[in-house]
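Step one of this worksheet: look at the structure below.
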Amino acid sequence: MSYVQDVFEMTARENRGQVQFLQTVGEVLRSIQPAVEQNEGVLKKFRILERMVEPDRQLIFRVTWEDDKGEFHVNRGYRVQFNNAIGPYKGGLRFQGNVNLDMMKFLAFEQTFKNSLTSLPMGGAKGGSDFDPTGKSENEIMRFCQAFMTELYRHIGPNMDVPAGDMGVGGREIGYLFGQYKRIVGAFENGVLTGKGLSYGGSLIRPEATGYGATYFLTEVLRHEGENIKGKTFCLSGFGNVAWGATKKITELGGKVVTLSGPDGYVYDPDGVSGEKMDFMLKMRASNRNLVKDYADRYPCEYVAGKKPWGNVKADVYMPCATQNEITLDDAVAMVAMGVPVLNEVSNMPTTNEACAYLQQHGVLVAPSKAVNAGGVATSGLEMSQNSERLNWSAQEVDMRLRDIMRDIHDKICDTLTEYNMGYNLVAGANLAGFKKVAEAMLAEGVY
Ligand code: 2IT
C-alpha cells in the first residue's frame with residue numbers, strides 16, 4: 001500500500017464518522033500523490049502526512065448567553081488550529097445551527113492549503129458555534145458574540161491566531177467580537193481579527209474580496225480557454241456576502257447573474273441581479289430571516305421553493321456560493337445533461353467527491369474552491385499588513401493586489417501542473433501547489 005493510502009486509512013480509522021473531514025482529506029491526499037512519490041523517503045521519515053491530517057489543537061468550549069427575555073442559553077464554541085507552519089493560524093468563524101467538530105476540521109484543513117496558495121504568511125484554522133443567528137435580535141447577537149469571545153480571547157492574538165467571518169459572521173459580528181477582545185486584553189490589538197469595519201482598522205474591499213477574487217480567478221480560467229465573462233450568464237447559489245461580491249464584479253464585467261438561492265429555495269431573475277437589487281441582497285442578510293423568497297417578493301420573478309438552481313436553470317457558468325456539498329452527483333448529472341461547461345466553486349467544498357469526478361470525466365471545467373475563494377482570506381492577509389504598519393491602503397491598491405494574487409494563484413497552479421506533466425486539472429493543481437509550500441515549511445522547521 002502506498003504512503004498516501006496508508007495515511008488515508010489511518011485517518012479514516014481515527015476520525016470515524018467525520019464524513020466531511022474525511023471527504024476533504026481523501027480528495028487532497030489523492031491529488032498530491034505525485035508530489036509525495038517524488039519525496040516519499042523524507043516525507044515519511046518526518047511523518048509529514050500524518051502530521052498534516054492531525055490538527056495542532058482542537059478547542060471546544062461552552063458559551064452561555066442571555067436572550068432578550070432574560071433566559072439563558074448554552075451553545076458550543078469551536079476553534080480548530082490546524083497548521084501554523086507558514087504563518088499564524090488564520091480562518092473564519094461560522095455561526096450556524098449545524099456546526100460541529102467534523103465541519104470545523106474540514107474547513108480548517110481546507111484553509112491550510114488555501115492560505116498556502118495565497119502566497120501570504122497564514123496558517124490554517126477555523127472556528128464557530130452551533131448558535132443559529134436566524135431570528136435573533138441585534139442585542140442577542142451582540143451578547144452572544146461577547147460571550148463567545150470571553151472564552152476565545154485566550155487562544156488568539158495578532159501573531160498567534162487571527163479569526164475572521166464566515167457564514168453567520170459578518171462585519172457586525174466582527175465588531176462585537178473585537179470590542180469584547182479589546183475590553184478583556186486592555187489593548188488595542190486590531191490585528192487579532194479581520195473583516196473589521198473601516199473605522200477601527202478594517203480594509204477597503206474586504207467585504208467584496210471573496211466574490212471579487214472568485215470572479216478574477218474565473219477570468220484567468222476563461223482567458224486560458226480563450227474566453228471572457230462578457231455576455232455570459234451565471235447561476236449563483238446563496239445570497240450572502242460572497243454571492244453579493246461575485247454578483248457585483250460579474251455585472252461590472254458584463255456578465256449576468258440569473259439565480260440566487262437560500263435554505264428555502266431559489267429565485268430565477270432572467271433580467272439579471274443588478275443595480276439596486278444587489279444592495280437588496282445586503283438587506284436580506286442583515287434581516288436575519290435567511291429567506292431568498294424575500295427577493296422575489298421585492299422584485300417579482302420566479303421563486304422555486306425547496307430546490308436549487310443546478311440542473312433547473314441553464315447558464316454558461318455555475319457558481320455555488322452557499323455551502324459545502326451543495327452539488328451532489330444528481331446535480332452533476334443534470335448539469336452535464338444541460339450542457340453547462342464551467343463550474344467555478346466559491347463556497348468551501350461545494351461539490352461532493354463523486355460529483356466532482358463525474359463533472360471532470362464529462363469535460364466540465366472545474367475550478368476548485370481552495371483557489372477560487374482564496375481572495376477572501378488573501379484580503380484578510382492584506383488587512384493584517386495594514387494593521388501592522390498602522391496605515392490604510394486605498395481601495396484601488398487593495399483591489400490591484402487582490403487581482404495580482406488571484407492571477408498568481410492561477411499561474412502557480414499552471415506551473416505546478418506543468419512540473420508534474422499534467423493537463424489543465426485545476427483541482428489537482430491547487431492541491432499540489434498548496435501542499436508543497438506547507439510540506440516544505442514543516443520539513444524546514446523540524447519535528448515539534
Ligand atoms: O473560508 C474562508 O476562507 C473564510 N471564511 C475567510 C477566512 C479569513 O480569515 O478571512
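Descriptive notes on the structure:
- Some residue of the stretch 357-364 being modelled with pLDDT of 95 or more, within 16 Å of the ligand (Cβ to nearest atom) and closer than 21 Å to Ala214 by Cα: no
- Residues of the stretch 5-51 that are closer than 26 Å to His155 by Cβ, assigned to a helix (DSSP H, G or I) and either open to solvent by 10 Å² or more (accessible area, probe 1.4 Å) or charged (D, E, K, R) (or both): Glu14, Gln20, Leu22, Glu50, Arg51.
- Residues that are aliphatic (A, V, I, L, M) and either at positive phi or more than 16 Å from the ligand (Cβ to nearest atom) (or both) are absent from the stretch 116-124 altogether.
- Here Asp130, Asp56, Asp67 are screened, and the one residue that is at pLDDT 95 or above, more than 16 Å from the ligand (Cβ to nearest atom), acidic (Asp, Glu) and surrounded by fewer than 17 Cβ atoms within 10 Å (Cβ to Cβ) is Asp67.
- Answer from Pro368, Pro341, Pro320, Pro300 - the residue that is within 16 Å of the ligand (Cβ to nearest atom) and out of contact with any Ser or Thr (no Cβ under 7 Å at 6 or more places or on another chain): Pro368
- Across the stretch 342-368, the number of residues qualifying as surrounded by fewer than 24 Cβ atoms within 10 Å (Cβ to Cβ), within 21 Å of His224 (Cα to Cα) and of a type in the set (S, T, N, Q) comes to 2.
- Verdict on Val336 being in contact with a His (Cβ under 7 Å, 6 or more places away or on another chain) and under 24 Å from Arg30 (Cβ atoms): yes
- Any chance Val377 is away from the ligand (no atom under 16 Å from the Cβ), touching a residue at least 24 places away in the same chain (Cβ under 8 Å) and in contact with a helix residue (DSSP H, G or I) (Cβ under 8 Å, 6 or more places away or on another chain): no
- Filter pass, Ser394 being over 21 Å from Lys256 (Cβ atoms), within 16 Å of the ligand (Cβ to nearest atom), over 19 Å from the mean Cα position of the chain (by Cα) and open to solvent by 30 Å² or more (accessible area, probe 1.4 Å): no
- Filter result for Phe239 (assigned to a loop (DSSP other than H, G, I, E, B), away from the ligand (no atom under 12 Å from the Cβ) and under 19 Å from the mean Cα position of the chain (by Cα)): yes
- For the stretch 162-173, residues that are away from the ligand (no atom under 12 Å from the Cβ) and either aliphatic (A, V, I, L, M) or assigned to a strand (DSSP E or B) (or both) total 0.
- Filtered by the rule that a residue be among the aliphatic types (A, V, I, L, M), within 14 Å of the ligand (Cβ to nearest atom) and either under 11 Å from Gly201 (Cα atoms) or over 19 Å from the mean Cα position of the chain (by Cα) (or both), the stretch 380-391 gives a lone residue, Met384.
- Verdict on Gly77 being within 16 Å of the ligand (Cβ to nearest atom), of a type outside the set (Lys, Arg) and open to solvent by less than 10 Å² (accessible area, probe 1.4 Å): no
- Entry remark, the stretch 304-341: residues being outside any loop (DSSP other than H, G, I, E, B), surrounded by fewer than 20 Cβ atoms within 10 Å (Cβ to Cβ) and not small (Gly, Ala, Ser) number 6 in total.
- Thr194 vs. criteria crowded, with 17+ Cβ neighbours inside 10 Å, within 12 Å of the ligand (Cβ to nearest atom) and part of a helix (DSSP H, G or I): no
- Top-ranked residue in the stretch 263-289 [being assigned to a loop (DSSP other than H, G, I, E, B) and open to solvent by 70 Å² or more (accessible area, probe 1.4 Å); ranked as nearest to Val169 (Cα to Cα)]: Arg289
- Just one of the listed residues (Glu138, Glu151) is open to solvent by 10 Å² or more (accessible area, probe 1.4 Å), within 17 Å of Arg57 (Cβ to Cβ) and more than 12 Å from the ligand (Cβ to nearest atom), namely Glu151.
- Output for the stretch 405-424, where each listed residue is under 11 Å from Val221 (Cα atoms) and exposed (fewer than 15 other Cβ atoms within 10 Å of the Cβ): Asp411, Tyr424
- Annotation for the stretch 174-186: no member residue is under 29 Å from Val19 (Cβ atoms), within 11 Å of the ligand (Cβ to nearest atom), open to solvent by less than 20 Å² (accessible area, probe 1.4 Å) and not in a loop (DSSP other than H, G, I, E, B).
The values are calculated or read from the model by the stated rules, or taken from the named source; none is laboratory data. These numbers come from a predicted model, not from an experiment. All Cβ positions, even for glycine, are placed from backbone atoms using ideal geometry, and neighbour counts span all protein chains on display. All accessible areas refer to the heavy atoms of the entire protein, side chains included, with ligands and DNA or RNA removed. Shrake-Rupley method; radii C 1.70, N 1.55, O 1.52, S 1.80 Å.
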